[in-house]
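*Asks:* I have a structure here, written as structure tokens, and I will follow up with some questions on it.
The values are calculated or read from the model by the stated rules, or taken from the named source; none is laboratory data. All of these numbers come straight from a predicted model, not from anything done at the bench. Using ideal geometry, Cβ is built from the backbone for each residue, glycine included, and neighbour counts are taken over all protein chains shown. Please note that ligands, DNA and RNA were not included when accessible areas were found on the heavy atoms of the full protein model with its side chains. Shrake-Rupley method; radii C 1.70, N 1.55, O 1.52, S 1.80 Å.
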Amino acid sequence: MRDGVKLFTSVYSPKEMKRGRRSGPDSDGREKEAAGHYPILLYRTPYGVGPYGEDEYRERMGPSEALCREGYIFVYQDVRGRMMSEGSFEAVRPHIPQKTDRADVDESSDTYDTVEWLLEHVANHNGRVGLWGISAPGFYATHALIDAHPAVKAVSPQAPVTDWFLGDDRHHNGAFMLQATFSFLSWFGVPRPEPVEDLPERFDDYGTPDGYAWYLAQGSAAELGARHLGSENATWNAMMEHGTYDAFWQARTPLPHLRDVRPAVLVTGGFFDTHDLYGPLKT
């Protein structure tokens, strides 16, 4: 990245050209062979791109078998500060509209720098990049639309996390989703001082099948966190410190920055999604 941080990235390239594949008409209107040049599909995630290791491979490529068979270079990346990537992680990192220094980095600039690196270092691409992501990866796909790299031609945010206070996952219209947030942040918010290959364990020491009674017995939300999460879970602590839709939360939605969008966009959502319907509709 522009500030020197390295993000762990796995690149899967087709071994050979599918016989007879076409890339579209040339200047004379005739179909021409793609000559081994593939578009790139990029997926950025906080949940890990394992298995890790030069001799370890994913069992599935891309968002669907159909796209896998069509012929793409698939790229998977741990976002900044997660899993095997360097840097510090910040959940729903704010966008920085006016960047005046190389240290001014956000998910949009990390996407831009990643695309720039891929175009320079990955062989047999055709100069076109697409991104997709579901839920939290949808948040990162959305940020790819802001100040997008010219090579980014299409982006699909699917059930994207878009505003953790007004509508997605952590709050619904400002109402704190206690069980969902505690269960999720008990592992997602665990500090990671150095790169790791495995996700942390989720808290499961409830001692009863009656979740309602268990949460009632914990006292306040702050007491719950202090008792079971400790003081190092920065994401949980932010939830406790910002109980209203203040500047902290307002800075953490990409919606105000979705202007002059150049790539083609397909937003996907579902009315039976209990957590992330706000994001698709607002995006």
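*Asks:* Using the structure shown, decide if Gln98 is open to solvent by 20 Å² or more (accessible area, probe 1.4 Å), in contact (Cβ under 8 Å) with a residue 24 or more places away in the chain and not aliphatic (A, V, I, L, M). Let's see the steps before the verdict.
*Replies:* Values: open to solvent by 20 Å² or more (accessible area, probe 1.4 Å): yes; in contact (Cβ under 8 Å) with a residue 24 or more places away in the chain: no; not aliphatic (A, V, I, L, M): yes.
Taking the combined requirement at face value, the residue does not satisfy it.
*Asks:* Does at least one position in the stretch 127-138 carry a residue that is assigned to a loop (DSSP other than H, G, I, E, B), open to solvent by less than 70 Å² (accessible area, probe 1.4 Å) and more than 28 Å from Met84 (Cα to Cα)?
*Replies:* At the first step, the residues of the stretch 127-138 found to be assigned to a loop (DSSP other than H, G, I, E, B) are 135.
When the remaining residues are screened for being open to solvent by less than 70 Å² (accessible area, probe 1.4 Å), the result is 135.
Add one more test, that the residue is more than 28 Å from Met84 (Cα to Cα), and what stays is none.
Scanning the stretch 127-138, I find no residue that is assigned to a loop (DSSP other than H, G, I, E, B), open to solvent by less than 70 Å² (accessible area, probe 1.4 Å) and more than 28 Å from Met84 (Cα to Cα), so the answer is no.
*Asks:* Do any residues in the stretch 206-232 that are open to solvent by less than 30 Å² (accessible area, probe 1.4 Å) have Cβ atoms under 6 Å from those of residues that are among the β-branched types (Val, Ile, Thr), where the two are at least six apart or on different chains, and which pairs are they?
*Replies:* These pairs meet every condition: Trp214/Thr208.
*Asks:* Any residue at all in the stretch 43-52 that is surrounded by 15 or more Cβ atoms within 10 Å (Cβ to Cβ), over 30 Å from Gln250 (Cα atoms) and either at pLDDT 95 or above or not acidic (Asp, Glu) (or both)? Step through it out loud before you land on a result.
*Replies:* Step one: list which residues in the stretch 43-52 are surrounded by 15 or more Cβ atoms within 10 Å (Cβ to Cβ), which gives 43-46, 48-50, 52.
Of the ones still in play, those that are also over 30 Å from Gln250 (Cα atoms) are 50, 52.
Filter once more, keeping what is either at pLDDT 95 or above or not acidic (Asp, Glu) (or both): 50, 52.
Yes, there is a match, as at least one residue in the stretch 43-52 is surrounded by 15 or more Cβ atoms within 10 Å (Cβ to Cβ), over 30 Å from Gln250 (Cα atoms) and either at pLDDT 95 or above or not acidic (Asp, Glu) (or both).
*Asks:* Does Pro160 count as touching an Asp or Glu at 6+ places or on another chain (Cβ under 8 Å), open to solvent by 30 Å² or more (accessible area, probe 1.4 Å) and either among the aromatic types (Phe, Trp, Tyr) or in contact (Cβ under 8 Å) with a residue 40 or more places away in the chain (or both)?
*Replies:* On the way: touching an Asp or Glu at 6+ places or on another chain (Cβ under 8 Å): yes; open to solvent by 30 Å² or more (accessible area, probe 1.4 Å): no; either among the aromatic types (Phe, Trp, Tyr) or in contact (Cβ under 8 Å) with a residue 40 or more places away in the chain (or both): yes.
When the stated conditions are applied, Pro160 does not pass them.
*Asks:* So which residues in the stretch 136-174 are touching a strand residue (DSSP E or B) at 6+ places or on another chain (Cβ under 7 Å) and at positive phi?
*Replies:* Passing the criteria: only Ala159.
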